[in-house]
1. Quick test for you: out of 664, 658, 644, pick the one residue that is at pLDDT 85 or above, out of contact with any Lys or Arg (no Cβ under 6 Å at 6 or more places or on another chain) and either within 28 Å of residue 592 (Cβ to Cβ) or not aliphatic (A, V, I, L, M) (or both).
2. Among (1) free of Cβ contacts under 8 Å to residues at least 60 places away in the same chain; (2) surrounded by fewer than 16 Cβ atoms within 10 Å (Cβ to Cβ), where does residue 638 come up short?
3. Could you check the range 294-399 for strands (runs of 3 or more DSSP E) lying wholly inside it with 2 or more residues that are in contact with a Phe, Trp or Tyr (Cβ under 7 Å, 6 or more places away or on another chain)?
4. Any residue that is in contact with a Lys or Arg (Cβ under 9 Å, 6 or more places away or on another chain), of a type outside the set (A, V, I, L, M) and either part of a loop (DSSP other than H, G, I, E, B) or outside the structural domain of residue 172 (by TED's automatic domain parsing) (or both) - is there at least one of those in the range 213-228?
5. Please state which one of 477, 473, 425, 439 is at pLDDT 90 or above and more than 28 Å from the chain's Cα centre (by Cα).
6. If a residue has to be part of a helix (DSSP H, G or I) and among the aliphatic types (A, V, I, L, M) to count, how many in the range 604-626 make the cut?
7. Just for the range 588-603: of the residues that are among the small types (Gly, Ala, Ser) and not in a helix (DSSP H, G or I), which one is surrounded by the most Cβ atoms within 10 Å (Cβ to Cβ)?
8. Taking the criterion of being of a type in the set (A, V, I, L, M, F, W, C) and part of a strand (DSSP E or B), would at least one residue in the range 267-285 satisfy it?
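The values are calculated or read from the model by the stated rules, or taken from the named source; none is laboratory data. Every value quoted in this text rests on a predicted model; they were computed, and no experiment measured them. Please note: Cβ atoms are built from the backbone with ideal geometry, for glycine as well, and neighbour counts cover all protein chains shown.
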Amino acid sequence: MRWLGQIDRGFAAPLCFFLIAVFFVIALLFRNPQEPHYRDSFGSGKTAEWHAYGGSWDSYGGAIRNNSDERGAKLITGSSQWSNYTVEADVLLLGQNGDAGLIVRSSDEEEGVDAYSGYYVGLRDRNNTMVIGRADHGWMEYQAVPVKDSIHPFHWYHLKVIAVGCEIAASALDPESQQETAVAMVENDCARKGRIGLRSYSSGGLWKNVRANPAVSADLAAIVERTQVADSPERLQTEQGFNSLLPYSGKAVGPTDSSSNGPAMNIHTPPLGSLRFVSDIQASPVTVRGSVVLTAPVLYIEDSSGGVAVELPQSSPVKIGDELQVTGVVDARPGGVRLRNTTLRLLWSRGPAPPLSVTASQAATGAFDGMLVEIEGRLLGKSRVQGRSVVLDLQSGHQAFRAILHGARQDLMFDRLQPNSLLRLKGVCVADPAFTENLTSFALLLRSSEDMGIVAGPPWWDTRHLVEGGFALVILLMAAVFIYFRAEQWRMSAVAEERSRMAREIHDTLAQSFAGIVLQLESALHGPRSDVESAPVAMALNMARQSRREAHRSIAALRTLHTDQSLENMLRKVLRPLISESHVKLSIASHGTPQRLSGEAEGQILRIAQEAVANAIQHAMASRISVRLVFEERKLGMEVEDDGRGFEVSTAPAFEDGHFGITGMRERAASMNAHLTITSADHGTKVTLVVPIPPRRMQLWKLAPPWTQRIGQPLRSWLSR
């Protein structure tokens, strides 16, 4: 390890962190995903890792509570790959005539008490037994062992379930009496993998200290030794049907308050809807019956005629679906009816009634105050209140209303809700100003996050999406413009490069060949020859010299088009060599504001001017040639005029006769949609060319504010290269 001492100390710390990170990544990649390691966070109100299938789940004093059996009541977490593990939890029953417990190796979950595939171990107070069985969208009960000292509601029990292979065993410990009960089962065709879960039936329940760890075979053996292992279940049916066949233990479902006397069923009670017409001048007690539809933040009960709020005595825990007999004083308020100074009697426990489907306009009339309803609305906004409640602002048609969710599992839906989403909400309709804050005519008090359903997300044409789409369109447009300009620049660069290549080729081939021919002819002309022989040589020499000059003029024209000079200067550079060996006077002038044309158009103009001047020198015997450029707003005019002898334009030789000058000029003019006119008389010839100038491309950056122009200057400079 001598090389470690040679590492620079400033590099040693980052290297150590890198090696540690690599070690943890390797450990995560190679760890066994089937090994469960879980501990709940109910004490801090975090339940995001749990998925509810029915029920009404909320955190409560460091535990998770379900106080509703609507649509079944299961809360599932963990991995579907967990195999052999131990699950422990403290369990408390919230009511009577039901059960609560733990699920292991769960899969294929749906809403419904038995709608899953897995194993369940629970405490059932109907016949004071600890049960174990298999659920496969039906119920197969393997074993029910009596519990010593009975099972008491509102009393904590420690439940432990171990699953190894096809053997499931469990124990239930009463912390106060230290009495322990054990059950066990074995199944040939068993479920070997699945998640863990919490489940209650009829009674509701609380769970805390939920833990999952790899199974220990010694713990399984210790439980199996204390009980008989069941290997054959009762016939497959629903648990509700199974429980209906069980004998009842005979425990009285007495009043929740000892001040209640007499049999509850013999008292005649008025409908809840009639309480809104009771005068509160003489506050006399009244006794009513109703089913619990909400427990927090206010207890509400309802019947078929209406609903009322009830002051809940501190020593009277109830759950959703309980049928209560309530005695109290009517407090008629503008926001609804409330019963105060109440005493409660639990009549029986059952599932809650389904909500009434109403519109927001119907709910605003107050006819459904205190009742469980279902309404659709479009979300306008959302906010949190003191970290414990979520307030949703909604609108349906022209009616605005609010929805309030109180509880820990609000975070599960809060982040998913997007403005302008269409929601279906189930909750208790109230007009109490404590909830509406006099901003809307009514509010919905939701029982759990499962009471919010997203019917449709926000429409794609909302403001946010339109802005995003517009921004994306601008980006695409800018990219298209950028690509177009770059392609145009690449094309012009290719054209300029090709012209330079042609100029080099003409210089290195034709011009050099003409130079060699001239040298040879000059040598032959100065040799000892007769006058008859020297005449053709002299003519060939003149033709070679003329061809060499033409080649140099072509080279000059091609090179000129590769510069950024004005059209007037390019004309001077191209036309001056044509008159260098003659006595012709050439004048070039420009009028108007010069404008740049495309490189292709400027090349054609130069060629036409070059041909016109060459014709005037060679054929018209002109002594003066004038070239004039006239720039106007949308066109360019060029006139080439000489004072030589004219010709008949209509009878001028064409390319069929081997003359290509005028024909080439016309073809070049047609290629750029220009108009070429040639007029000739005895006093000279005039060539007129009118070239249309296309509209200038809009420079978008000139419309931008000055500071953006300064920022975009480097980009424009780069684009112009």
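1. Values: 664 fails: at pLDDT 85 or above; 658 fails: at pLDDT 85 or above.
None of the other options fit; the residue is 644.
2. So residue 638 meets the others, but not (2).
3. Working: elements: 299-303, 306-310, 322-333, 336-349, 372-385, 389-396.
Counting at least 2 such residues, we get 306-310, 372-385, 389-396.
4. Within the range 213-228, not a single residue is in contact with a Lys or Arg (Cβ under 9 Å, 6 or more places away or on another chain), of a type outside the set (A, V, I, L, M) and either part of a loop (DSSP other than H, G, I, E, B) or outside the structural domain of residue 172 (by TED's automatic domain parsing) (or both).
5. On the way: 477 fails: more than 28 Å from the chain's Cα centre (by Cα); 473 fails: more than 28 Å from the chain's Cα centre (by Cα); 425 fails: more than 28 Å from the chain's Cα centre (by Cα).
Exactly one residue qualifies, and that residue is 439.
6. Start the filter on the range 604-626 by keeping residues that are part of a helix (DSSP H, G or I), which leaves 604-618.
Among the residues that remain, those that are also among the aliphatic types (A, V, I, L, M) are: 605-606, 608-609, 612-614, 616-617.
So the answer is 9.
7. Within the range 588-603, the subset among the small types (Gly, Ala, Ser) is 589-590, 592, 598-599, 601, 603.
Adding the requirement that they be not in a helix (DSSP H, G or I) leaves 589-590, 592, 598.
Details: 589: 11, 590: 17, 592: 12, 598: 14.
Residue satisfying both the conditions and the ranking: 590.
8. Filtering the range 267-285 down to residues of a type in the set (A, V, I, L, M, F, W, C) leaves 267, 272, 275, 277-278, 281, 283.
Narrowing the set further to residues that are part of a strand (DSSP E or B) leaves none.
The answer is no, given that none of the residues of the range 267-285 is of a type in the set (A, V, I, L, M, F, W, C) and part of a strand (DSSP E or B).
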